[in-house]
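Structure, as structure tokens:
Every number in this text was worked out from the coordinates using simple rules, so none of it is lab data. Please read all numbers here as calculations on a predicted model, not as lab measurements. Virtual Cβ from ideal backbone geometry, glycine too; neighbours counted across all protein chains shown.
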């Protein structure tokens with residue numbers, strides 16, 4: 001357990017999240033996990049029950065995983081979309097009701113939502129239990145702020161609104177007072193992602209949920225063109241999601257069945273091994289905040305090709321890879337080619353990656369968050 005400042009009084013923190021990392025989905029909810037790991041105050045964690053064993057928490061944390069119904073709204077349309085939206089609302093009301101007895105018993109001083117969706121938890125803790133309300137936007141959820149008057153009105157109730165990418169500020173301008181904004185970037189556990197050597201296989205690795213935000217169709221189209229000149233290269237995709245069948249069908253249409261592998265869900269250790277073995281890492285997203293996976297690839301000494309979304313370009317320009325226009329398969333192909341043929345560029349990016357990763361620590365972000373808690377309570 002990390003040591004807290006001895007002069008700082010313990011704070012009771014309730015952390016509410018839709019996701020928490022498990023052995024079957026180790027990449028989901030990592031910011032929440034590392035806040036638990038590096039903030040030693042007594043904490044209550046409330047998350048949705050998902051398949052798999054949760055990653056272990058310190059002794060100061062009580063983790064509750066509560067079952068409630070949910071549905072994907074973004075992939076639905078018409079009556080199916082209305083049904084999915086209704087089920088999602090019902091799910092969050094159920095989540096709140098199940099959480100009430102635990103929150104009342106715990107009496108938090110800080111309630112920190114890691115998504116704006118469980119706002120009922122935040123409003124109850126703020127106005128009934130007297131807690132300070134923090135909300136973290138982790139990525140695409142910030143895109144809803146400019147076009148949702150209700151969401152803006154709710155978010156303005158927060159004492160602090162945290163964001164993980166400087167690119168998200170554009171969505172937050174006017175929606176949240178500047179003095180309530182707090183930059184809390186993602187970090188990386190460098191011990192879990194040690195660098196590999198230069199003897200790597202001709203593989204491009206992608207890691208992430210199979211959803212529209214990740215731009216996988218662009219990646220497949222780009223790889224198809226890249227593969228024409230480099231038939232010995234392979235594309236490995238680790239992740240699961242609603243687009244799996246569609247992407248497999250697209251792979252067959254492009255005649256890439258023998259060169260593209262869908263690996264399904266992989267543990268954190270397995271992903272780390274894949275990163276040490278692969279030659280390039282590709283992120284083709286059309287929407288992002290500050291993707292943790294780019295830091296993990298960099299820590300592994302794996303050069304990246306990424307699209308210019310969120311803070312991805314900022315990281316690439318620290319010398320760990322190349323950033324190109326989102327939604328442009330030809331630009332992705334060109335960047336992959338550059339990385340594949342330019343040995344000096346590859347080596348410099350691979351060497352620089354672990355150095356950059358060390359500058360992005362979860363400990364530093366946790367210190368910023370804990371300091372903000374103390375300041376909020378002192379007002």
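Counting only alpha carbon atoms, the long axis of helix 216-229 and the longest principal axis of the chain meet at about 20°.
The largest-to-smallest principal axis extents of the Cα set in segment 132-212 are 53, 28, 18 Å. Packing, as the average of other Cβ atoms within 10 Å across residues, places the peptides 175-181, 30-36, 162-168 in the order 30-36, 162-168, 175-181, highest first. Note: relative contact order over segment 1-160, using C-alpha pairs below 8 Å and six or more positions apart, is 20 percent. In this rough spin-label picture, where each label sits 7 Å from Cα along the Cβ direction, the residue 128-residue 64 distance is 1.1 nm.
Between the Cα long axis of helix 78-106 and the first principal axis of the chain there is an angle of about 50°, rounded to the nearest 10.
Mean separation of Cα pairs under 8 Å and 6+ residues apart, divided by the residue count of the chain: what relative contact order is that in percent? Over the chain, the number comes to 15 percent. Ranked by the mean number of other Cβ atoms within 10 Å of their residues, highest first, the peptides 257-267, 351-361 come out as 351-361, 257-267. Global size of segment 142-187: 10.1, 31 Å for Rg and Dmax (C-alpha atoms, Rg to one decimal, Dmax whole). Considering every alpha-carbon pair of the chain, the percent of pairs per 10 Å bin, from zero through the bin containing the longest distance, is 5, 23, 32, 25, 12, 3, 0.
Where the centre of each part is set by its Cα atoms, how far does segment 226-240 sit from segment 56-135, in angstrom? Spelled out, the Cα-based centre of one part sits 40 Å from the other. Share of pairwise Cα-Cα distances greater than 23 Å in segment 31-173 is 40 percent (whole percent). The packing ranking of peptides 212-218, 84-90, highest mean first, is 212-218, 84-90, where packing means the average number of other beta carbon atoms within 10 angstrom of each residue. The alpha carbons of segment 272-379 give a radius of gyration and a Dmax of 16.0, 57 Å, in that order. Against the main long axis of the alpha-carbon atoms of the chain, helix 268-277 sits at an angle near 30°. Modelled spin labels at residue 351 and residue 317, positioned 7 Å past Cα toward Cβ, are 2.3 nm from each other. Separation of segment 339-379 and segment 152-216, taken as the distance between their Cα centroids, equals 12 angstrom. Relative to its Kirkwood radius, the Cα radius of gyration of segment 203-358 gives an Rg/Rh of 0.93.
Considering helices alone, the calculated mean residue ellipticity of the chain at 222 nm is -12000 deg cm²/dmol, with DSSP H runs of length four and up weighted by -39500 (n - 2.57) and normalised per residue. Taking 0.36 nm per residue of separation and subtracting the Cα-Cα distance, full extension of the segment from residue 179 to residue 203 would add 4.1 nm. Just check segment 170-224 against the gyration tensor rule for me: Cα atoms, a ≥ b ≥ c as the square roots of the eigenvalues, rounded for a/c under 1.5, and otherwise prolate or oblate depending on whether a/b exceeds b/c. The shape class here is oblate. What FRET efficiency do you get for residue 277 and residue 107 if R0 is 45 Å and r is their Cβ-Cβ distance, rounded to the nearest 0.05? E between residue 277 and residue 107, to the nearest 0.05, is 0.35. Our estimate of slack between residue 244 and residue 79, defined as 0.36 nm per intervening residue step minus the Cα-Cα distance, is 57.1 nm.
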